[in-house]
1. Looking only at the stretch 68-91, filter to residues that are charged (D, E, K, R) and exposed (fewer than 15 other Cβ atoms within 10 Å of the Cβ); which one of those is modelled with the lowest pLDDT?
2. What's the number of the condition A37 fails, among (1) within 13 Å of the chain's Cα centre (by Cα); (2) surrounded by fewer than 18 Cβ atoms within 10 Å (Cβ to Cβ); (3) at pLDDT 95 or above?
3. Name the one entry in G3, G96 that is surrounded by fewer than 20 Cβ atoms within 10 Å (Cβ to Cβ) and either over 13 Å from the mean Cα position of the chain (by Cα) or among the charged types (D, E, K, R) (or both).
4. Which ones in the stretch 10-23 are within 13 Å of T82 (Cβ to Cβ) and under 13 Å from the mean Cα position of the chain (by Cα)?
5. Please verify whether A51 is at pLDDT 95 or above, buried (at least 21 other Cβ atoms within 10 Å of the Cβ), touching a Leu at 6+ places or on another chain (Cβ under 9 Å) and assigned to a helix (DSSP H, G or I), treating the condition exactly as stated.
6. Check T65 against each of (1) within 12 Å of I6 (Cβ to Cβ); (2) crowded, with 18+ Cβ neighbours inside 10 Å; (3) polar (S, T, N, Q) and name the one condition it does not meet.
7. Quick one: what pairs do we get from the stretch 11-28, first residue crowded, with 17+ Cβ neighbours inside 10 Å, second of a type outside the set (D, E, K, R) and assigned to a helix (DSSP H, G or I), C-beta under 7 Å, 6+ apart or different chains?
Amino acid sequence: MPGENILIVDDEPTICIGQERELSWANYHVDTVSDGAEALEIARQKKYDLALIDKCMPGMDGIQTCREIKKISPDLIVILITGGHAIPEVEFLAAGGRICISKPFLQGEVLEAVQKALGEKK
């Protein structure tokens, strides 16, 4: 449902910009950060409904970020974005994640996954 808060965690600025633009156009409130540590810091300050987290980032990877952010916000829905690497689905699901999407993704694919995940939350 539009109007919900979404956090994008990705070390690639072009991914953040593109997804922020697409989700903002769909009336979601979007914040972006470039690594897991920043994600944890902002999640302590603001409630998010959903986070899009890149799997491969310097420092804390996406699985670790998912595990730690769920400790701060247990109801947060996490979508993991991978860059064509093998998706550690069992580990991701055990960390509290919900959906995995592989890069490169088609236009609208992330928005569709966000809408589906938030719709299932209701």
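1. To start, the set of residues in the stretch 68-91 that are charged (D, E, K, R) comprises 68, 70-71, 75, 89, 91.
The next check asks that each one be exposed (fewer than 15 other Cβ atoms within 10 Å of the Cβ); those that pass are 71, 75, 89, 91.
On the way: K71: 96, D75: 94, E89: 66, E91: 72.
Filtering the stretch 68-91 for residues that are charged (D, E, K, R) and exposed (fewer than 15 other Cβ atoms within 10 Å of the Cβ), the one modelled with the lowest pLDDT comes out as E89.
2. So the condition that A37 fails would be (1).
3. That would be G3, the only listed residue that is surrounded by fewer than 20 Cβ atoms within 10 Å (Cβ to Cβ) and either over 13 Å from the mean Cα position of the chain (by Cα) or among the charged types (D, E, K, R) (or both).
4. Just the residues of the stretch 10-23 that are within 13 Å of T82 (Cβ to Cβ), to begin with: 10, 12, 15.
D10, I15 - these are the residues of the stretch 10-23 that are within 13 Å of T82 (Cβ to Cβ) and under 13 Å from the mean Cα position of the chain (by Cα).
5. No: the conditions fail for A51.
6. Condition (1) is where T65 drops out.
7. These pairs meet every condition: Q19/V110; E22/V110; E22/L111; L23/L111; L23/V114.
The values are calculated or read from the model by the stated rules, or taken from the named source; none is laboratory data. The structure displayed is predicted, hence computed values, not measured ones. Every residue, glycine among them, receives a Cβ derived from its backbone with ideal geometry; neighbour counts consider all protein chains shown.
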